[in-house]
Amino acid sequence: MTTTSAPTRAASPAPAPATRAHGGVWSVYRAERRKLAAQLSTRLLALTCVVGPFAFAAILQVQSGTPADALFGVWVHSSGFALSLVVLGFAGSWGFPLMAGVLAGDMFSAEDRYGTWKTVLTRSRSREEMFGGKVLAAMTFAVALVGLTALSSLLVGLVLVGDQSLVGLSGALLSPGRAFLLVLVSWLISVLPVLAYTSLAMLFSVASRSGIVGVIGPILVALATQLLDLIGRGVTVHMLLIGSAFDGWHGLFTTHPFYGPLVVSSLVSVIWIVACLSASWMILRRRDFIGTPATHRPGWTIAVRVVAVSIVLIALLAIAGNRGPVGVTAARLRASITPEFNNITLLQQQLFGRTIPPGAQLDVVSSCGRHGATPRGPGDWTCTLDVYIPQPGKVPFTQTPVAYDVSVQSNGCYKAESPPAYVGQQMIRDAQGHSVVNPLFVVYGCFDTL
Amino acid sequence: MPAVPAVRATGLVKRYEQTRAIDGVDLVVQHGEMRGLLGPNGAGKSTLLRLLFGLVRPDAGSIELLGSLPDAPNSLALQGVAGFVEDPSFYPYLSGRANLELLAELDDETGGPSIDDVLERVDLAHRGDDRVSGYSTGMRQRLGIAAALLRSPRLLLLDEPTSGLDPAGARAVGALLPELATQGVAVLLSSHLIGEVEHLCDSFTVLRNGRVVWNGTARQLQGQAPGSAYALATNDDDRALGIADDHPGVSAGRLQNGVVAITVEEGCLDPYVLALGQSGVAVRRLEQLVSPLESMFFALTSDETSIDQLKPYELAEKALART
């Protein structure tokens, strides 16, 4: 094919314009930030993050009960810090995956839906810069939303409940200052898994080109994670799950803090972030941006494939759930619940106005086991704590058994409950006649599973 | 004129599964040239524009825009290049102005016209603050042209830029593009309707089934064109047909709807009409159906193998049916 020279209307081209000095990624970042801020979904998310904790606190105010199933749940009326931690626990399970999906799940697929890839990619920015700017903007908003939720939940807790000391996960009282610091650090720790979910949402968005898949995908993964947490005794698979880092802060609230799960799960989050973003970039880099006729929209085909692969993956993970060392054992549970029982019993006595000498210890012998099951792994346990109380005139003491039904999770956290016949009612009167939570009624604790 | 053309594409091939959407296309567009990229729907025009924009990657061949390769870092190849493929698309939840601001953020070029200027130029200044979701197709088209102008382009790649525009809008675009070309801007204008671009372009590249079937200047195309086709209504159509047989350069016949169609070579129409009058045949209507370039375009882009055997007026009829 030969080409023909054509008459032209000007002798010389217009001069090349000057170029800007700023980086390409940053210009995309600014544009994406502006787009996100203009979207109704982002604004609703921000509103939910601010108003959500207030609404939760308002509901608790009009209810006599407490969200006892959640870690620190029985303390929401006793310390403002507990309210923030309950919000954090819920957000880690469902709130953050939903937030990541809504925020980032449509980040790339929206360009397909609006047909704007061809608009933005025909300006001065490369695919690399577009990808980098979008990722950066999504991450920024995700961090900002976590920050909003943290501040809102702390504010509402401190305003409506107060800055009272918090009963830690070893039964010891944490001073308001220490509790405040630990709550802030806990929210900070949650940023990494939030970014992991955000990266996952972006992967769904890039791979499926469907906003629906991008938004729902992270929630389905969160659901799968919750289910997988219930299956298997091995610690390996559970630690590799994307949401595992949401549990990392638990170890900070014990008398002897443990950091192993925090370090491992944070590393796991980083791996998820890198893997998801790498996969997203590989897909985007190789993609041809052709006009997609309605009959050839790839969204649902890929979505179906993703779902099929996910089901297989979940099945494999469930089978592999018993792999690796067992995190929940009778010895670890006993070693955690025994000193905790000691601490909260003394705390209860303090509430009754009794003087507890420094370093006082109960003489407790405990045993933990499971009915009809191997005493290993998460699930329902029973712990019996025999308290030996010296009695004047008795030889040598009286034995008071206290039985707790303990529900242990794969992350090593547990909730122990005992019938009122053993430990009294949920609400008791303190020395000043105030109605307060009986610390023995529901006991929260966590131990290191590594 | 600089030695490096605005567009130089050589041996371009793009396959989609088993289909060769672009099959060995060569294309050169010089600075200040307005080249029409013509072809029926599915000929590969939009795919070629997508290749030039770097939206799809060629399976073979090379592309050079304003002297830069598309694989150059930081999208250097797209600096100074503007336009759109298919219909211009924007974020519907943002205003037209906000969309342009956002696109300007993604541009490296400075010193070009302001957003107000380009909105004014495409007659959208009064609707600039409205959300794009409320824009008509024509308004989006005008916003697409505004977005292209915002870059102070040295090369404009436009896909059916007058599609969806009202006549006034189409005329405005028709006036704007030559003005840009006069300033040295190279323009590649894609269309499936040669009538829309034949008066604008200096040169044409005609595509069929992903291949270049004709490439040359407007003058060359005119020279090879078969002639204009007219619909003729008289008080005695049979005599009019008979008189046509006696006039070289005039071919006449009846279309399927019974209307008499004549195809005339340049300079042969007036003698034929005068002859009709002298023979007592009153001409009641003489309406141009297909321009010479439209007939030529149809001949070049038709898939029918028997196209060469058609009489000129039959060719015109088929071209008319296409348009």
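Read-outs: derived from the displayed coordinates by stated rules, not from any lab. If you're wondering where the values come from, they're calculated on a predicted model, not measured in any experiment. In this analysis, Cβ positions are derived from the backbone assuming ideal geometry, glycine residues included, and neighbour counts consider all displayed protein chains.
Using θ = phi - 60° in the Karplus curve 6.51 cos²θ - 1.76 cosθ + 1.60, the 3J(HN,Hα) couplings for region B:122-130 round to 9, 6, 10, 4, 6, 10, x, 8, 7 Hz; x is entered for Gly and Pro.
Computed from Cα atoms alone, the Kirkwood hydrodynamic radius reported for chain B is 21.6 Å. The label point for B:Leu193 and the one for A:Phe90, both projected 7 Å from the Cα toward the Cβ, are 5.9 nm apart.
When shorter helices are ignored and each DSSP H run of at least 4 residues is given -39500 (n - 2.57), the per-residue value for chain A at 222 nm works out to -17000 deg cm²/dmol. The value for region B:126-210 of Rg(Cα) / (2.2 N^0.38 Å) is 1.14. Once backbone amide H atoms are built at 1.01 Å from N, B:Lys14 has B:Ala21, B:Ile22, B:Asp23, B:Gly24, B:Asp59 as its partners under 5 Å, excluding neighbours fewer than 5 places away on the same chain. Principal axis extents of the C-alpha atoms in chain A (largest first, rounded to whole Å): 120, 46, 35.
Distance from the alpha carbon centroid of region A:110-124 to that of region A:146-204 works out to 38 angstrom.
Rounded to the nearest 0.05, what FRET efficiency do A:Thr374 and A:Ile212 give with R0 = 35 Å and r taken as the Cβ-Cβ distance? Could you check?
With R0 = 35 Å, the Cβ-Cβ based efficiency is 0.25.
Highest mean packing comes first when the peptides A:208-217, B:28-37 are listed by Cβ atoms within 10 Å, giving B:28-37, A:208-217.
Computed from Cα atoms, the angle from the helix A:176-189 axis to the main principal axis of chain A rounds to 40 degrees.
Could you order the peptides A:434-444, B:132-142 from most to least packed, using the average number of other C-beta atoms within 10 Å per residue?
A:434-444, B:132-142
In units of the rule-of-thumb radius 2.2 N^0.38 Å, region B:9-66 shows an alpha carbon radius of gyration of 1.09.
Put simply, the amide H of A:Ser366, placed in the peptide plane, has neighbours under 5 Å in A:Asp386, leaving out anything fewer than 5 places away on its chain. A Cβ-based charge dipole, computed about the Cα centre of region A:330-446 with Lys and Arg at +1 and Asp and Glu at -1, lands at about 120 debye. For region A:211-346, the normalised intensity computed at q = 0.09, 0.10, 0.17, 0.20 Å⁻¹ comes to -0.41, -0.49, -1.08, -1.32 (log10 of I(q)/I(0), Debye sum over alpha carbons, equal scatterers, no solvent). Rounded to the nearest whole angstrom, the semi-axes of the ellipsoid equivalent to region A:330-446, taken from the Cα gyration tensor as √(5λ), stand at 25, 18, 12, largest first.
Packing, as the average of other Cβ atoms within 10 Å across residues, places the peptides A:74-86, B:277-289 in the order A:74-86, B:277-289, highest first. Our summary gives chain B a relative contact order of 19 percent, counting only alpha carbon pairs under 8 angstrom and 6 or more residues apart.
In sequence order, region B:141-152 has phi-based couplings of 4, 5, 5, x, 5, 4, 4, 6, 5, 4, 8, 6 Hz under the Karplus curve 6.51 cos²θ - 1.76 cosθ + 1.60, θ = phi - 60°, and Gly or Pro positions carry x. Here B:Asp245 and B:Glu287 are evaluated by their C-beta separation; at R0 = 22 Å the FRET efficiency comes out at 0.55. For peptide B:231-241, the mean count of partner chain Cβ atoms within 10 Å of a residue's Cβ comes to 0. When the alpha carbon gyration tensor of region B:7-124 is reduced to an equivalent ellipsoid, the three semi-axes, largest first, read 28, 17, 15 Å. From a point 7 Å beyond the Cα of A:Arg178 in the direction of its Cβ, which residues of region A:318-350 have a backbone N at a distance under 17 Å? Flagged as within label range: A:339-348.
Peptide B:146-154 is shielded by partner chain Cβ atoms: per residue, an average of 2 of them sit within 10 Å of its Cβ. For chain A, the Cys residues with no second cysteine's beta carbon closer than 4.7 Å are A:Cys49, A:Cys276.
For A:Met427 and A:Ala58, the FRET efficiency from 1/(1 + (r/R0)^6), where r spans their Cβ atoms and R0 equals 25 Å, is about 0.75.
Size descriptors for the protein assembly as shown: radius of gyration and Dmax over Cα atoms are 37.9, 148 Å. Here, region A:180-242 has an Rg and a Dmax of 14.2, 42 Å when only alpha carbons are counted. A cut-off of 5 Å between modelled amide H atoms, ignoring neighbours fewer than 5 places along the same chain, links A:Met427 with A:Asn438.
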